[in-house]
Amino acid sequence: MSTALAEPVERVGKGWTASLSLANVAIWVGWYGPLQILLARQAEDFAPGTGMSKETLLAWVTGVGAVVSLAANPFFGALSDRTTARWGRRSPWIVAGAAGGALSLLVLAGAGGLWLMMLGWCLVQLTLNAAFAAVTAAVPDRVPRLQRGAVGGWIGAAQILGAVVGTGLATAAGGIAAGYAACAVFTLAGVLPYVLRHRDLTLPATDRPPWSWRGFTRGFWLSPRAYPDFAWAWLTRFLINLSNALVILYLLYYLRDRLHRDDPEQGVLILTAVDSVALLATVVVGGVWSDRVGRRKPFVRWSGLLMAVATGLLAVWQTWPSAIIVAALLGVGLGVFMSVDFALMTDVLPKAADRGKDLGVINVANALPQVAAPALAAPIVTHLGGYRVLYGLAAAVGLAGAVLVGRIRGVD
């Protein structure tokens, strides 16, 4: 068996972890600068000429983009599994995806209407998912099992830091086009230290499986009967991510229309910062603790329960102080969940040869909520009870995810 397919046993160093974490920051800046601020501002600008509300227009754009993400992540993960370039299996896709993402953000910067906005966001999802699939697969490629909680913690911290940096760049740049340009530069520059400083594992051509369209496409289906732990892990991640997506999607509009904040964009930045500080306080600690005790499920269960309780609080107590408290509680819960659940996902992967593809399938549980959340949230906010009902539903969904983690049998 080649080194690329072997189970890793040598611990990775701080430099490797730091470079991979920075690459994650860069990719999430490319996603969350638009999602938190820029797409919402464009939706406000373009909605009057479309016959749609700003909420509905934003839901359509983010929903269609998420559909692209659903297909792109496992697809590019599978391609990276088969890549035999001398640069390695993952690095070529990290570079190509980040460069394409930067160019796609510039397309969004020049959008003058709904259709170019939608096209630009779909291109961002397509390209950045290529980079993200490869970055994610690098962990089971290189990190031994009992270090994955710690590394997952740093990656989780990097992802939330990407959301903060992206939101900050989008807010501070001084305009929509400038915000997109700032995110584009950061996205491309942030992946370079990893690909330039750390040599990727190469896959010999003799270890690449024979090609057939039928085998390639059938490989994306992983039977829940054959791999029940994988299926339950996927479902729990989907439900908790859906709950979080329902909270985040209309946050700017919630602050403006429900809480009547004078500067809702600054409010989003404050809440994101509070959430991030709380997350950073727990994300690495939770992962390291999980590694030391050799257990995953209790951490995922209790963090999910905390997030469900916090979201339920947002449904019944709708004030600015409550929003700050909820942001802190969500950050604590999400910090533990992100690090330990990531390690749990890598522990239930079926085959070493398909790590990129299988993690891509798991990442569908991150992208699919972006499709489901707008479809659920838009009618609820506009016609079916408003933000109280929306956040009550989000709490129930998150609670279901926390409970169902107990169905995973092969990992403690």
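The values are calculated or read from the model by the stated rules, or taken from the named source; none is laboratory data. Computed from a prediction, not measured in an experiment: that's the story for all the values here. Heads up, the Cβs are rebuilt from the backbone with ideal geometry, glycines too, and the neighbour counts pull from every protein chain shown. Ligands, DNA and RNA are excluded from the accessible area calculation, which covers all protein heavy atoms including side chains. Shrake-Rupley method; radii C 1.70, N 1.55, O 1.52, S 1.80 Å.
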Response to the item:
Those residues of the range 267-324 that are among the polar types (S, T, N, Q) and open to solvent by 40 Å² or more (accessible area, probe 1.4 Å) come to a total of 1
Worksheet item: When you go through Thr136, Thr187 one by one, which is the residue that is at pLDDT 95 or above and crowded, with 24+ Cβ neighbours inside 10 Å?
Response: Thr187
Practice prompt. Go through the range 202-225 residue by residue and tally those that are touching a helix residue (DSSP H, G or I) at 6+ places or on another chain (Cβ under 7 Å), farther than 16 Å from Gly77 by Cβ and assigned to a loop (DSSP other than H, G, I, E, B).
Written response: 2
Worksheet item: Based on what the data block shows, is Trp154 touching a helix residue (DSSP H, G or I) at 6+ places or on another chain (Cβ under 8 Å), under 22 Å from Ala18 (Cα atoms), touching a residue at least 12 places away in the same chain (Cβ under 8 Å) and not aliphatic (A, V, I, L, M)?
Response: yes
Fill in: Filter pass, Gly175 being farther than 27 Å from Ala71 by Cβ, in contact (Cβ under 8 Å) with a residue 60 or more places away in the chain, open to solvent by less than 30 Å² (accessible area, probe 1.4 Å) and of a type outside the set (Asp, Glu)
no
Fill in: Residue list for the range 359-412, restricted to those being surrounded by 21 or more Cβ atoms within 10 Å (Cβ to Cβ) and basic (Lys, Arg)
none
Response to the item:
Note on Tyr194: of the conditions (1) in contact with a Ser or Thr (Cβ under 7 Å, 6 or more places away or on another chain); (2) in a loop (DSSP other than H, G, I, E, B); (3) modelled with pLDDT of 85 or more, unmet is (2)
Worksheet item: Residues Ala137, Ala78: which one is under 15 Å from the mean Cα position of the chain (by Cα) and under 23 Å from Thr346 (Cα atoms)?
Response: Ala137
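This table checks each residue for (1) within 25 Å of the chain's Cα centre (by Cα); (2) at pLDDT below 95.
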residue	(1), (2)
Ser2	no, yes
Ala6	no, yes
Ala26	yes, no
Pro34	yes, yes
Gln42	yes, yes
Asp45	no, yes
Thr50	no, yes
Leu57	yes, yes
Worksheet item: Could we say that Ala157 is under 13 Å from the mean Cα position of the chain (by Cα), among the hydrophobic types (A, V, I, L, M, F, W, C) and either part of a loop (DSSP other than H, G, I, E, B) or farther than 23 Å from Leu39 by Cα (or both) here?
Response: yes
Fill in: Selection within the range 273-314 - hydroxyl-bearing (Ser, Thr, Tyr) and out of contact with any Lys or Arg (no Cβ under 8 Å at 6 or more places or on another chain)
Ser276, Thr282, Ser303, Thr311
Fill in: Filter result (open to solvent by less than 40 Å² (accessible area, probe 1.4 Å), within 30 Å of Arg301 (Cβ to Cβ) and free of Cβ contacts under 8 Å to residues at least 60 places away in the same chain) within the range 214-265
Ser223, Ala231
